[in-house]
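A.B. asks: Right, I'll just put the structure down here and ask away after.
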Amino acid sequence: MSHLPTPQALRSGEWMTPRQVSAVTHYALQTLANNRNLGIGLPYVKLPTGRIWYRRVDVDALISGAAAA
């Protein structure tokens, strides 16, 4: 996990919720949760509120890598 995002970064679109990641990657929400529990997959942060966020650049890199494979 990386440093906590600022509220401004969250609003700017630099970070994505699991639902947004699921929509663009077509991974089920449960798959994302399983990957987090196993310590694999995309890096994420968990806020003190319990909310999970993924960095958009990591999601874009995943999509670019999948397209190149």
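A.B. asks: Considering only residues that are of a type in the set (Ser, Thr, Tyr) and in contact with a Gly (Cβ under 9 Å, 6 or more places away or on another chain), which ones fall in segment 19-38?
C.D. replies: So the first thing to find is which residues in segment 19-38 are of a type in the set (Ser, Thr, Tyr), and the list is 22, 25, 27, 31.
Residues satisfying the conditions are TYR27, THR31.
A.B. asks: Every residue in segment 58-69 that is surrounded by 12 or more Cβ atoms within 10 Å (Cβ to Cβ) and out of contact with any helix residue (DSSP H, G or I) (no Cβ under 8 Å at 6 or more places or on another chain), please.
C.D. replies: ASP58, ASP60, ALA61
A.B. asks: Please work out which residue is nearest to GLY65 (Cα to Cα), limiting yourself to segment 5-53 and to residues that are open to solvent by 70 Å² or more (accessible area, probe 1.4 Å) and of a type in the set (Lys, Arg).
C.D. replies: The selected residue is ARG19.
The values are calculated or read from the model by the stated rules, or taken from the named source; none is laboratory data. Quick caveat, the model's predicted, so the values are computed rather than measured. Positions of Cβ are backbone-derived with ideal geometry, glycine not excepted, and every protein chain shown enters the neighbour counts. Protein only, heavy atoms only, side chains kept; ligands, DNA and RNA dropped before computing areas. Shrake-Rupley method; radii C 1.70, N 1.55, O 1.52, S 1.80 Å.
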